[in-house]
1. Residues that are among the β-branched types (Val, Ile, Thr) and touching a helix residue (DSSP H, G or I) at 6+ places or on another chain (Cβ under 7 Å): does the range 27-42 have at least one?
2. So which residues in the range 16-72 are more than 30 Å from residue 6 (Cβ to Cβ), more than 24 Å from the chain's Cα centre (by Cα) and not in a helix (DSSP H, G or I), if there are any at all?
Amino acid sequence: MSIHALHAILSPEARAHIPASILEKITAALASSIAHTFLWSLIPAALTLLFVFFMPNDRFASMHAAQSGKVQVGKE
């Protein structure tokens, strides 16, 4: 289904011609699909936070030392 078809279904003119029971089913299906999409997007977000939490601080520590003028020779 294309975006234009979805806009046509959601337009007030088209909604006026759709029976209430079918319109309720369409609305419930759209709401359910949007909710599932956002719930599934939580998995990569949680994994990203988990990986960031376990990343080593080596690069950040060296960058912080360089900014404060405490450059360590031989370490990157």
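Here, each number is a calculation from the coordinates, and none is a lab measurement. Keep in mind that what you see is a predicted model, and the values were worked out from it rather than measured. Cβ: placed from backbone, ideal geometry, glycine included. Neighbour counts: every protein chain shown.
1. no
2. Matches in the range 16-72: 56, 57, 69, 70, 71, 72.
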